[in-house]
Amino acid sequence: MMVDSIKDMIAREAKAIMAIPVGQEYEKAVELIVHHVHDLGAKLITSGMGKAGQIAMNMATTFSSTGTPSIFLHPSEAQHGDLGILQKNDIFLLVSNSGKTREILELADLALKLDPTLKFIVLTGNTESPLAKTADIVLGTGNPAEVCPLGLAPTTSTTVMNVIGDALVTETMKRIGFSVEEYNKRHHGGYLGQRSKKLL
């Protein structure tokens, strides 16, 4: 039955979330983001290709809306001039399940040529990958099996990546003391804007 199949899928994804390897690297990642963005006045740049890129984009918008200026940089567009957005003290958060994505590896290489002091946080399912080896901090997903019937389409891996992104965002909010008042300033309209006003 489809209902049983869906329940099994949810259980498998929940198991993958609970199996995320969480260690001191999370605290180091948050400290690095806070130092570069809030102490040095720079920004967080996220990037990823394909589905991982969509995760990276979501992370950037969520960070920005919660007080940590962030922007998504498309790795292909970066090679056509958009890398010019890079400024002193910026920090990168790169997302790649395989850690072998050509466009992301090229982005890292090009960015380091612009600024050899750049710091990289890498979120990947392959902690021994070429991308992981370029990182200052590696956040592993645990490399869960996809719930896709073919075992190919990013499903469980992207679910886990989203959860890790939420962990980074919420811990950063705590570290900077982000308040309802500050949230409301960034959400004037819509449902969240109205809800945050009621909490003031």
What list of ³J(HN,Hα) couplings, whole Hz, do you get for segment 127-141 from phi and the Karplus terms 6.51, -1.76, 1.60, once you set θ to phi - 60° and write x for glycine and proline? 6, 10, 6, x, 5, 4, 5, 8, 7, 7, 9, 10, 10, x, 8
Fully extended contour minus Cα-Cα distance, from Lys133 to Val3, at 0.36 nm per residue: 42.6 nm
Ranking Pro130, Met49, Ile17 by how far each Cα lies towards the positive end of the charge dipole of the chain (+1 on Lys and Arg Cβ, -1 on Asp and Glu Cβ), the top one is Ile17
Tell me which GluC sites (Glu not before Pro) from segment 73-141 have a DSSP coil assignment and no more than 12 other beta carbons within 10 Å of their own. Glu128
How long are the semi-axes of the equivalent ellipsoid of the chain, defined as square roots of 5 times the Cα gyration tensor eigenvalues? Whole Å, largest first. 27, 25, 15
Extension gain, Leu112 back to Arg175 (0.36 nm per residue minus Cα-Cα distance, nm): 19.9 nm
Around Lys119, which amide H atoms from residues at least 5 apart in sequence, or from another chain, sit under 5 Å from its own amide H, with H modelled in the peptide plane? Phe92
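Bear in mind these aren't lab numbers, they're just calculated from the coordinates by the rules spelled out. This is a predicted model, so every value here is computed, not measured. Here Cβ is always computed from backbone atoms with ideal geometry, including for glycine, and neighbour counts include all displayed protein chains.
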